[in-house]
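To keep things clear, I will list the structure first and then write my remarks on it.
Just so you know, all these numbers are worked out from the coordinates, no wet-lab data involved. Values in this document were obtained by computation on a predicted structure and should not be read as measured data. Cβ placement follows ideal geometry from the backbone for every residue including glycine, while neighbour counts extend to all protein chains displayed.
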Amino acid sequence: MKKYPLINILILNWNGKKVLNNCLKSILTSSYKNYKITVIDNGSSDDSLKDLNKISNKINIIKIDKNLGYSKGYNYAFKKLKNDNDDYYFLLNNDTIIYKDTLERLHVSINQFGSNNIFSPKILNSNNNLIWYAGGRQSPFTKLTYHIGLNSDEKRTEYKTATTDFVSGCAMLISKSLVDSLNGFNESFNFYYEDVELCLRAKNNNTKCIFVHDSIISHKISSSMGGRFSILKLYYKLVSSIKFLYLSNNFFVFILYFLINIILLPIRLLFTLIKLIIS
């Protein structure tokens with residue numbers, strides 16, 4: 001194992017000019033120096049890529065003509081980068097801010113747990129500085145997932161570095177060789193559950209998912225989906241959840257979940273519209 005493996009920080013971007021620059025500037029403060037940055041632009045129309053070279057000459061750009069979404073966008077980049085000498089990819093949302101020691105702490109965990117695993121930092125909600133992700137759990141009965149520590153105080157100490165059921169695609173450190181062996185993301189999940197599905201496939205091949213408690217980032221929740229109360233977010237989350245349950249072969253829960261959500265859909269839409277009007 002290399003002492004300081006090369007980490008390619010992959011940032012998927014779509015019309016994220018307002019947040020992308022701050023994300024990039026935070027990376028440049030990193031105490032871990034063996035990295036490069038690749039911005040994957042999903043057909044932005046807001047001049048997201050303008051003047052990036054003024055921020056840093058370390059930034060590479062992969063331009064896509066249209067918005068392919070999460071899974072297809074990253075898979076497109078994986079193919080473009082296939083012959084590069086990267087050791088790891090750090091998949092990072094464009095609306096995140098990393099800390100000075102975020103990568104350094106992840107690197108320590110690679111040495112501790114092994115390079116064939118998938119790692120994620122603690123993720124804080126930048127809107128209120130509460131925990132958004134401190135590990136992930138999958139219910140053994142419903143097969144649905146949830147974030148450990150959601151909306152807990154950031155200073156709570158019980159969330160320690162440990163194996164977990166899945167790693168968030170918002171900030172995922174994964175070896176290039178593992179991405180290649182898994183053939184990237186399952187493109188039938190393009191928003192929501194694509195990270196969970198990839199982690200489950202990896203775990204079938206003896207890979208572990210590791211939550212690293214002292215590696216921290218801040219995340220502006222759902223900014224790429226129009227904010228917390230977004231009809232687009234509601235739609236994609238519902239569709240992906242139903243698809244994930246179907247593929248999990250848990251047909252009783254699948255039918256029950258489908259029927260309940262069809263009944264509740266008008267109420268959720270009304271609630272979302274009210275929140276949008278108020279905000």
- Those residues of segment 163-182 whose amide nitrogen sits under 19 Å from the label point placed on ARG201, 7 Å along Cα→Cβ: 165-182
- Task: Determine the principal axes of the Cα atoms in segment 129-204, then give the extent along each, sorted from largest to smallest and rounded to whole angstroms.
- Result: 38, 29, 22
- Query: What Rg and what Dmax come out for segment 1-74 when only alpha-carbon atoms are used, in angstroms?
  - Reply: 12.9, 41
- Query: What span do the alpha-carbon atoms of segment 72-200 cover on each of the three principal axes, reported in whole Å from largest to smallest?
  - Reply: 42, 37, 28
- Item | Computed over segment 1-126, the ratio Rg/Rh where both radii use C-alpha atoms and Rh is Kirkwood | 0.95
- Task: Take the cross-link list LYS54/LYS160; LYS18/LYS80; LYS66/LYS122; LYS50/LYS243 and give me the ones stretching past 29 Å between alpha-carbons.
- Result: LYS54/LYS160; LYS66/LYS122; LYS50/LYS243
- Each label sits 7 Å from Cα toward the beta-carbon; between ASN22 and LYS160 the label points are separated, in nm, by 3.4
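Take the Cα pairs of segment 7-225, get the Kirkwood Rh, then feed it into Stokes-Einstein at 20 °C and 1.002 mPa s and tell me D in µm²/s.
Numbers: Rh = 17.3 Å.
Rounded, D is 124 µm²/s.
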- Along Cα→Cβ, 7 Å out, is where each label goes; now give me the distance between the ones at ASN34 and LEU49 in nm to one decimal. 3.0
